[in-house]
There are 2 protein chains.
Amino acid sequence: MNTHSATAADGRSPATVASPDRRARPHGKPAVGRDRVLASAARLFVEQGYAATTTRQISAAVGIKQPSLYYHFPNKAAILVELLVATAEPSMLAARDMLADRDRSPLDRLIELIDFDVRLLASGPWNIGSLYLLPETAAPECVRFRELRSELAAAYETLVSAAIAAGEANVESGPRTAALLFSLVEGVILRRNDASDIDAEQIARDIQQAAIRVLGATPGRDRA
Amino acid sequence: MNTHSATAADGRSPATVASPDRRARPHGKPAVGRDRVLASAARLFVEQGYAATTTRQISAAVGIKQPSLYYHFPNKAAILVELLVATAEPSMLAARDMLADRDRSPLDRLIELIDFDVRLLASGPWNIGSLYLLPETAAPECVRFRELRSELAAAYETLVSAAIAAGEANVESGPRTAALLFSLVEGVILRRNDASDIDAEQIARDIQQAAIRVLGATPGRDRA
DNA sequence: GTCTATATTTAGATAGAC
DNA sequence: GTCTATCTAAATATAGAC
């Protein structure tokens with residue numbers, strides 16, 4: 001699985017959200033209080049946005065009364081922040097892995113990172129990535145999230161530049177190409193907003209090929 | 001200006017928003033009541049989102065009292081709807097033009113449409129396209145906007161398919177490629193959210209080249 | 001960990017004068 | 001076309017019992 005066409009099936013697979021603070025429950029199933037709040041809030045925030053979602057709606061979805069939410073979270077914003085961080089963290093960790101894995105070619109690692117991100121955004125029951133698009137992410141409480149995302153964007157830039165230096169990519173500008181690839185990946189969020197029934201595998205393949213073409217990369221052994 | 005590298009400098013240039021119902025003011029300047037409301041609301045909706053923006057904020061930005069808004073609009077939602085339609089309509093009209101202009105090659109017309117949309121999204125004082133990303137666009141009141149956007153997406157699909165049929169593009173699937181190009185274009189909105197100081201011309205060039213590469217188009221006379 | 005009861009604030013919208 | 005005054009509803013959050 002050291003090629004970018006592998007489905008990135010390592011430890012952190014693009015799975016469910018939530019539980020960033022406590023370690024994953026040993027027998028990961030029942031989803032206790034706090035996690036059920038996060039799951040319900042995720043769905044509502046995605047469908048209605050943050051400001052339009054009331055704490056009563058969240059509590060109703062969980063099956064508890066509104067004030068009970070404040071046992072789990074200090075306020076409404078804390079729920080959003082935890083969702084944002086939990087969603088962005090896997091990508092950032094994958095990016096760190098790719099930056100550290102200096103045995104493989106930059107292009108290979110860039111493509112694998114893109115693949116990981118696309119699958120993360122394209123899978124899961126709700127379009128969780130659309131949380132990134134909420135205007136509220138600009139609030140001070142969401143700094144941590146924005147830092148994670150900046151680190152991810154920086155990794156894209158580093159890998160694109162390295163690919164250029166290695167003669168694997170043929171583009172005018174590294175930073176601009178990295179930004180374009182980044183928006184190409186996050187464009188999955190937009191596509192999922194339009195058509196909720198997307199095929200994650202298909203999208204991942206399409207974007208991988210598009211990325212390779214945008215980079216002007218010479219088709220390698222297992223690249224079409 | 002019959003080539004896609006022209007800046008689409010026809011009647012409907014990607015200019016300011018507003019005034020969809022009444023014809024553009026003869027000497028387009030003072031921006032009277034209603035238009036000032038739209039302009040202020042646009043800025044606030046873009047920065048804070050719809051639900052988080054209060055009618056009092058809008059009125060304060062205009063310099064009037066909150067109830068005075070209801071002379072111009074029946075309710076808050078109507079302001080958003082008018083902004084959405086006014087923003088999306090130019091793209092739809094450009095799409096219709098490109099579909100009708102059967103003298104030129106499909107690829108040329110597709111590229112020009114992409115260029116038009118990118119410039120529209122990349123220019124203007126605020127990231128007006130981010131209105132598209134608001135969760136409230138899913139509300140019933142915004143049907144007209146969603147129809148406009150569907151028609152635009154359909155035009156992309158038609159032009160991509162025609163380009164394939166004409167042997168100008170080398171891709172697996174027309175519809176999937178069209179959707180990918182569409183999200184590539186709207187990705188401009190995401191880039192502008194991250195870096196507010198973007199160079200519209202540069203972005204337009206970058207996305208044009210990226211689109212050509214994604215399409216697997218053979219570089220023509222004035223395409224790099 | 002969840003409840004009832006409630007405080008506090010603020011939202012969108014209307015009535016009617018000028 | 002804008003104002004003052006105000007209604008009504010609903011929001012987040014707290015206090016404290018169980």
- [ ] Could you grab me the full set of residues in the stretch A:131-140 that are within 8 Å of chain B (Cβ to nearest Cβ) and either touching a Ser or Thr at 6+ places or on another chain (Cβ under 9 Å) or within 12 Å of A:Val188 (Cα to Cα) (or both)?
- [x] A:Leu133, A:Pro135
- [ ] Starting from the stretch A:64-82, keep only residues that are over 17 Å from A:Phe145 (Cβ atoms), then list their pairs with residues that are near DNA strand D (Cβ under 6 Å from one of its atoms) and assigned to a helix (DSSP H, G or I) whose Cβ atoms are within a distance under 7 Å, requiring at least 6 positions of separation or different chains.
- [x] A:Gln66/A:Thr55; A:Gln66/A:Arg56; A:Leu69/A:Thr55
- [ ] Only residues that are within 14 Å of another protein chain (Cβ to nearest Cβ) and surrounded by fewer than 20 Cβ atoms within 10 Å (Cβ to Cβ): list them for the stretch A:91-129, please.
- [x] A:Trp126
TODO: Find the residue count for the stretch B:174-224, including only residues that are within 8 Å of chain A (Cβ to nearest Cβ), at pLDDT 95 or above and assigned to a loop (DSSP other than H, G, I, E, B).
DONE: 1
Task: Candidates A:Ala41, A:Ala77, filtered to the one that is near DNA strand D (Cβ under 8 Å from one of its atoms), closer than 22 Å to B:Leu133 by Cα and not basic (Lys, Arg) - done: A:Ala77
Task: Matching residues in the stretch B:74-90 - criterion: being touching a helix residue (DSSP H, G or I) at 6+ places or on another chain (Cβ under 7 Å), surrounded by 17 or more Cβ atoms within 10 Å (Cβ to Cβ) and among the small types (Gly, Ala, Ser) - done: B:Ala88
- [ ] Identify the single condition in (1) more than 29 Å from A:Ser40 (Cα to Cα); (2) crowded, with 20+ Cβ neighbours inside 10 Å that A:Glu157 does not satisfy, given that it satisfies every other one.
- [x] (2)
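The values are calculated or read from the model by the stated rules, or taken from the named source; none is laboratory data. Just so you know, these numbers come straight off a predicted model, no measurement behind them. Backbone-built Cβ (ideal geometry, glycine too); neighbour counts: all protein chains shown.
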